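Just below is one structure, and these are the notes that go with it.
The values are calculated or read from the model by the stated rules, or taken from the named source; none is laboratory data. Note that the structure is a prediction, hence the values are computed from the model and not measured. No Cβ is skipped: glycine too gets one built from the backbone with ideal geometry, and neighbour counts run over all protein chains shown. Remember, those area values only see protein heavy atoms, side chains included, never the ligands or the DNA or RNA. Shrake-Rupley method; radii C 1.70, N 1.55, O 1.52, S 1.80 Å.
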Amino acid sequence: MKKTLQALAATALISASLPMVVHANEMGINVQLANDSAKFGFFSSDLWMQETYRFDLSYQYNNDKDYVIDTSFSYVGKGVLDPNLDLGVKGKFAYAKAKDIDKLGTGILLGVHAAYWLPTATPTNVTVEYLIAPEILAFSDAEKLNELSIRANVRLLRNLQGFVGYRHFEVEYKEAKVKFDDGAHIGFELAF
């Protein structure tokens, strides 16, 4: 219980301090639904010249009553190598509780973000993200964390974006590998 409270306090502290660093041009919520999991989040992003800085805070749970609380910060450069290609880096702090084996995994995941904008009348892109926390950046009972996300995004309204995709989020504990999310999803992102 003490570890749980410490991890939640650390997540809350990081989450409270990051929005003060980033002045948001856009803030909003996002929802991601899959067959056996759901993810709800808050985001703020700032576009400056050809760069985007984004902060996310989210909560995910699944049918096995496992849950993940995470907060992330990303930097993305627009039109890198190609006018339609956005490339960037992302860092994430994740707190993952596996109910069946009663283990807690925390870690700092680092990775890459790539988005390719399609030449369509409606703004549409395909996004890929891969993040990993090797053993040196995995804490509590976790030995490794990794996440892969592939998504097709389309701007439906000025402040509403819809998406479909695939997400895999796994934590490797000493006892077992636990998949917190592994499958297709659909969702939306609404900016205020």
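Taking Cβ atoms as reference points and 13 Å as the exclusive limit, the residues near Val80 contribute a net charge of -2, counting Lys and Arg as +1 and Asp and Glu as -1. Stokes-Einstein, applied to the Kirkwood radius of the chain over Cα pairs at a viscosity of 0.692 mPa s and 37 °C, places its translational diffusion at 192 µm² s⁻¹. When a 1.4 Å probe is rolled over the protein heavy atoms, the share of accessible surface on the chain that falls to carbon and sulfur comes to 64 percent. Counted by Cβ distance under 12 Å from Tyr61, the other residues give a net charge of 0, where Lys and Arg count +1 and Asp and Glu count -1.
With a cut-off of 15 Å between beta carbons, the residues surrounding Leu157 carry a summed charge of 0, where Lys and Arg count +1 and Asp and Glu -1. For segment 137-192, pairs of C-alpha atoms spaced more than 13 angstrom apart make up 66 percent of the total.
Relative to the Cα centre, what is the charge dipole magnitude of the chain, using +1 at the beta carbon of each Lys and Arg, -1 at the beta carbon of each Asp and Glu, and rounding to the nearest 20 debye? All intermediate terms of the calculation are to be shown ahead of the outcome.
Values: 19 positive and 23 negative charges, 55 e Å.
Using Cβ point charges on Lys, Arg, Asp and Glu, the chain gives about 260 debye.
Since only Asn153, Met27, Gly91 are under comparison, the one whose Cα sits farthest along the positive direction of the charge dipole of the chain, derived from C-beta charges on Lys, Arg, Asp and Glu, is Met27.
Protein heavy-atom accessible surface, 1.4 Å probe, per residue over the chain: 53 Å². Label sites at Asn84 and Phe192, each approximated as a point 7 angstrom past Cα along Cα to Cβ, lie 3.5 nm apart. Helix 2-21 and the longest principal axis of the Cα set of the chain meet at an angle near 20°.
Taking loop as defined by DSSP and a crowding limit of 11 other beta carbons within 10 Å, which trypsin sites (Lys or Arg not before Pro) in segment 131-192 fit? Before the final figure, lay out the partial values.
Values: sites: Lys144, Arg151, Arg155, Arg158, Arg167, Lys174, Lys177, Lys179; in loops: Arg158, Lys174.
Those that pass, being in a loop and sparsely packed, are Arg158, Lys174.
Gyration tensor analysis over the Cα atoms of segment 80-160 returns equivalent ellipsoid semi-axes of 33, 15, 8 Å (largest first, whole Å).
Approximating the spin labels as points 7 Å out from Cα along Cα→Cβ, the Val164-to-Lys99 distance works out to 3.0 nm.
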